[in-house]
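Notes follow the structure.
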Amino acid sequence: MGIEVVAIAAIVSMAATAVAGGISAYSSYEQGKEQKRQAEFQANEAQKQARLEQERANIAQLQGEQEAARRMRSLSQEIGSVYANAAGNGLLIDSGSAGDTLGKALDTSTKFAAQDVSTIRDNTALTIWTHEANESQLLRSADNYRKQGKAAYKAGILGATATGISTAGKLAGQYATFDKVGAFDSLKSTPAK
């Protein structure tokens, strides 16, 4: 007698369980691998943005220094112009009431210029701090993306492993059930004639 239909059905059922388990395990692994790849991409993008923030901070530093220097040059030019105009009009700037008035005006201009330079430096420091804070946040994000990617990859491997173990258990249960009802009796060796 050949292999009985019951034995064929049992083998097909177990093969289907094995194939489904294999596909599910592979899918779990691939999903974890893809999530890791996406997280790595996001981490790299965050790092690029962090580098840009650092460049922006460097540019802000240079621009702030240049703006402060321009304001000081402007003050020097203003002072030079005032002295030149006063001298051109025949005023003695070293003494007398004209000199006192001129000196007070120049002191006031110098104080305002110093305040301007201080404001420029404060604004520059705030801009730099903002860019550096953004850079720091982006670097933390990049680190978190990488951690998430590694966790997703491990979860994919664990999922695949769990599916493999579960599938093996299902196959063992199916075999035991089919063997109990005698589905495999026609496959068991019989003495040769």
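The values are calculated or read from the model by the stated rules, or taken from the named source; none is laboratory data. Note that the structure is a prediction, hence the values are computed from the model and not measured. Cβ coordinates were reconstructed from backbone atoms using ideal geometry, including for glycine residues, and neighbour counts include every protein chain displayed. Surface areas here come from the heavy atoms of the whole protein model, side chains and all, with no ligands, DNA or RNA. Shrake-Rupley method; radii C 1.70, N 1.55, O 1.52, S 1.80 Å.
Tabulated results
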item: Test result for residue 111, of a type outside the set (A, V, I, L, M, F, W, C) and at pLDDT 95 or above; result: no
item: Boolean, residue 78 is open to solvent by less than 80 Å² (accessible area, probe 1.4 Å), of a type in the set (Asp, Glu), part of a helix (DSSP H, G or I) and more than 19 Å from residue 144 (Cβ to Cβ); result: yes
item: Residue under evaluation residue 182, criteria (1) without any contact (Cβ under 8 Å) to a residue 60 or more places away in the chain; (2) open to solvent by less than 60 Å² (accessible area, probe 1.4 Å), criterion not met; result: (1)
item: Single unsatisfied condition, residue 53 versus (1) open to solvent by 90 Å² or more (accessible area, probe 1.4 Å); (2) of a type in the set (D, E, K, R); (3) modelled with pLDDT of 90 or more; result: (1)
item: Residue 23 being in a helix (DSSP H, G or I) and touching a residue at least 24 places away in the same chain (Cβ under 8 Å); result: no
